[in-house]
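Participant: Here you go, one structure.
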Amino acid sequence: MKYCSTRGKVQGLSFTDAVMMGLANDGGLLLPEAIPKLSPNELQQLSNLPYPKLAFQIISKYATDIPETDLKELIDRSYANFEHPQITPVVKQDDLYILELFHGPTLAFKDVALQFLGNLFEYFLLKNGQKMNIVGATSGDTGSAAIYGVRGKENINIFILHPKGHVSPIQELQMTTVTDKNVFNLAVEGTFDDAQAIVKEIFGDLEFKEQHALGAVNSINWARVLAQVVYYFYAWFQVNKETGAEQIEVAVPTGNFGDIFAGYIAKQMGVPINRLILATNSNNILSRCINSGDYSMADVHHSLSPSMDIQIASNFERYLYYLLDCNAEKVVQAMDQVKQNGQLDFTAAQKKRLKLDYASASIDDDETLTTISSFYKKTGYILDPHTAVGVAVGEKIRNPDYPLVCLATAHPAKFGDAVKKATGSDPVLPAAFAELASREKKVVTISADREQIKNYISANSI
């Protein structure tokens with residue numbers, strides 16, 4: 001399998017090269033040159049596999065330059081420290097299915113991808129005698145999951161930017177209490193979009209990128225998306241066994257478009273998904289895009305679901321590549337339009353295609369709290385605010401002819417204030433969180449200035 005950029009000037013990369021490059025050198029995002037399609041019979045053969053073996057069967061179709069025994073070992077090691085034997089269990093609550101993605105070391109869905117990506121990086125670097133400086137921006141969970149994925153690993157330093165004061169207290173503590181010598185936390189005085197834009201600009205400086213051997217852990221890295229594709233297969237198999245349904249619908253709370261794009265890839269590979277339901281909070285650029293073709297940036301609203309407080313959805317470019325019929329020239333023109341005017345224009349045919357590929361709605365904080373409260377009263381199950389956005393939107397626009405799967409992206413204890421506001425009581429803190437507040441912190445506050453951040457990276461790179 002070879003990889004190409006959405007912007008056309010990078011082609012023919014191996015999986016190893018694609019992972020190590022992160023953001024394509026032409027500023028685009030990397031995609032496989034073809035998406036393997038599985039027949040119903042091939043799907044059936046995978047249906048009873050435990051999660052790590054299923055992951056191997058899916059990932060090996062894309063990571064064709066890694067020896068099978070090595071890839072199996074990397075995958076097994078990535079999921080060995082998940083607390084649930086099924087890795088991403090599916091639980092039925094009321095009339096829907098919850099895909100629990102929070103059983104990894106930082107209790108967020110991003111562990112599923114970042115435990116794997118951390119092991120991949122270490123494997124490639126040791127094999128080739130190289131070093132890497134990871135640079136990433138986080139709206140909450142990516143940072144801690146990335147840090148836990150590479151802390152203490154050989155030949156890797158990691159620099160994570162988060163918007164100061166705009167991640168949950170638990171998320172901040174999970175990042176800043178990791179004091180390993182290869183971990184650097186930067187609290188940026190700005191929004192997540194500011195931090196993410198700076199990261200993309202830094203990666204766009206090819207001389208700096210090469211000089212400091214920069215690597216990406218944000219969902220701009222194809223391996224992130226690939227690892228997330230697997231749990232759509234797993235969810236389908238579990239629900240199909242229980243219901244016999246021929247198709248499912250999947251509700252995905254999303255801000256950066258990465259998680260739902262993994263669902264798009266899974267559907268292209270043959271997972272019988274009737275509709276992918278894109279759920280957003282009041283930062284609803286993606287919902288507006290799907291429902292009316294209005295992709296125009298607005299101010300970021302800080303919400304109870306902060307990991308979705310995003311107006312610039314990085315991974316949308318990957319979907320845009322397919323929407324524009326894999327025409328890299330048109331992608332370049334479209335992304336230039338976004339950069340210059342903060343918006344995209346779509347033809348009538350493209351707007352129709354958007355609605356065929358996705359259904360969408362957005363809810364505000366009041367609806368989020370109401371959903372957490374009512375779902376808890378009805379089932380005794382506590383949703384975190386991001387998952388609540390997915391559940392509320394999913395229930396609002398689902399097709400009742402199909403089972404609904406809702407992605408649970410974080411443990412509710414990560415957002416204790418919102419949960420307490422909705423239910424009247426604090427969620428039970430897992431053992432992993434109990435002592436965070438008393439631990440030593442390692443963090444630097446820095447302005448949202450690209451040159452200052454580049455200088456900090458230069459001074460501390462490996």
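Participant: For region 319-462, what's the radius of gyration and Dmax over Cα atoms, in angstrom?
Facilitator: Just the Cα atoms of region 319-462 yield Rg and Dmax of 21.7, 58 Å.
Participant: So, one more: Using a Förster distance of 30 angstrom, determine the FRET efficiency expected from the C-beta separation of residue 447 and residue 329, and round it to 0.05.
Facilitator: Using R0 = 30 Å, I get an efficiency of 0.25.
Participant: If you don't mind, another one. Would you please state which residues of region 1-34 a label at residue 336 would reach in this model, taking the label point 7 Å out along Cα→Cβ and a backbone N cut-off of under 18 Å?
Facilitator: 6-10, 26-29
Participant: Here is a follow-up. Above 19 angstrom, tally the Cα pairs of region 50-208 and express them as a % of all pairs, no decimals.
Facilitator: Value for region 50-208 (Cα pairs over 19 Å): 60 percent.
Participant: While we're looking at this one, here's another question. Could you tally the net charge around residue 276, taking each other residue with its Cβ under 9 Å from the Cβ of residue 276, Lys/Arg +1 and Asp/Glu -1?
Facilitator: Once all neighbours under 9 Å are counted, the net charge is 0.
Participant: Could you work out what % of the accessible surface of region 257-323 is carbon and sulfur, using a 1.4 angstrom probe and leaving DNA, RNA and ligands out of the count?
Facilitator: 48 percent
Participant: Once you list every other residue whose beta carbon is under 13 Å from the beta carbon of residue 160, what net charge do they have if Lys and Arg are +1 and Asp and Glu are -1?
Facilitator: Local net charge: +1.
Participant: Follow-up question, since we're still on this one. With the full set of protein chains in place, find how many percent of the accessible area of region 341-462 is carbon and sulfur; take the probe as 1.4 Å.
Facilitator: Of the solvent-accessible surface of region 341-462, carbon and sulfur hold 48 percent.
Participant: Would you work out which of 126, 422, 25 lies farthest towards the positive end of the dipole of the chain? Charges go on Cβ: Lys and Arg +1, Asp and Glu -1.
Facilitator: Ranked along the dipole, the leading option is 126.
Participant: Calculate the length of the line joining the C-alpha centroid of region 18-94 to that of region 148-194, in whole Å.
Facilitator: If we compute the Cα centre of each part, the gap is 26 Å.
Participant: Loop only per DSSP, at most 11 neighbouring Cβ atoms within 10 Å: give me the trypsin sites (Lys or Arg not before Pro) in region 93-190, ordered by residue number.
Facilitator: 181
Participant: Ignoring ligands, DNA and RNA, what percent of the accessible area of region 1-140 is carbon or sulfur (1.4 Å)?
Facilitator: Summing carbon and sulfur atoms, their accessible area is 47 percent of the total for region 1-140.
Participant: Which of these values of volume of the Cα convex hull per residue in Å³ was calculated from the structure shown: (i) 167; (ii) 131; (iii) 145?
Facilitator: Structure-derived value, by its label: (ii).
Participant: Follow-up question, since we're still on this one. Give me the net charge of residue 293's neighbourhood, meaning all other residues with Cβ under 12 Å from the Cβ of residue 293; Lys, Arg count +1, Asp, Glu -1.
Facilitator: Result for the local shell: +3.
Participant: Still on this model: Relative contact order for the chain: what percent, with Cα pairs under 8 Å and sequence separation of 6 or more?
Facilitator: With pairs under 8 Å counted, the relative contact order is 19 percent.
Participant: Turning to a different aspect of this structure: For the chain, what does -39500 (n - 2.57) per DSSP helix run (n ≥ 4), summed and divided by total residues, give at 222 nm, in deg cm²/dmol to the nearest 500?
Facilitator: It comes out at -14000 deg cm²/dmol, rounded to the nearest 500.
Participant: Further, regarding this structure: Round to the nearest 0.05 the FRET efficiency obtained for residue 57 and residue 241 when R0 = 22 Å and r is the Cβ-Cβ distance.
Facilitator: 0.80
Participant: Kirkwood Rh, Cα Rg: Rg to Rh for region 241-295?
Facilitator: With Rh from the inverse mean 1/r over Cα pairs, Rg/Rh is 1.04.
Participant: In whole angstrom, and with the biggest value first, how far do the Cα coordinates of region 130-267 range along each principal axis?
Facilitator: 52, 34, 28
Participant: Scan around residue 360 for amide H atoms under 5 Å from its own, H built in the peptide plane at 1.01 Å from N, and keep only partners 5 or more places away or cross-chain.
Facilitator: Long-range HN contacts for residue 360: 278.
Participant: Another question, if that's okay. With +1 on each Lys and Arg Cβ and -1 on each Asp and Glu Cβ, and nothing else charged, work out how big the dipole of region 167-315 is about its Cα centre, in Debye to the nearest 20.
Facilitator: Dipole of region 167-315, to the nearest 20 debye: 520 debye.
Participant: Excluding residues fewer than 8 places away in the same chain, name every one of the lysines whose C-alpha is closer than 27 Å to that of residue 377.
Facilitator: The reachable lysines, counting only those whose Cα sits under 27 Å from residue 377, are 92, 396, 414, 420, 421.
Participant: What size of dipole, in debye to the nearest 20, comes out for the chain about its Cα centre when the only charges are +1 on Lys and Arg C-beta atoms and -1 on Asp and Glu C-beta atoms?
Facilitator: With only Lys, Arg, Asp and Glu charged at Cβ, the dipole is about 460 debye.
Participant: Computed FRET efficiency, Cβ-Cβ of residue 348 and residue 459, R0 41 Å: what is it to the nearest 0.05?
Facilitator: That pair, residue 348 with residue 459, gives E of 0.20.
Participant: Right, something else. Kirkwood Rh over alpha-carbon pairs of region 15-116, then Stokes-Einstein at 20 °C and 1.002 mPa s: what D in µm² s⁻¹, rounded to an integer?
Facilitator: In µm²/s, the coefficient is 137.
Participant: Taking only protein heavy atoms into account and a 1.4 Å probe, give the accessible area per residue of the chain in Å².
Facilitator: Ligands and nucleic acids excluded, the result is 37 Å² per residue.
The values are calculated or read from the model by the stated rules, or taken from the named source; none is laboratory data. Computed from a predicted structure; not experimentally measured. Please note: Cβ atoms are built from the backbone with ideal geometry, for glycine as well, and neighbour counts cover all protein chains shown. Quick note on the areas: whole protein, heavy atoms, side chains included, nothing else; ligands and nucleic acids left out. Shrake-Rupley method; radii C 1.70, N 1.55, O 1.52, S 1.80 Å.
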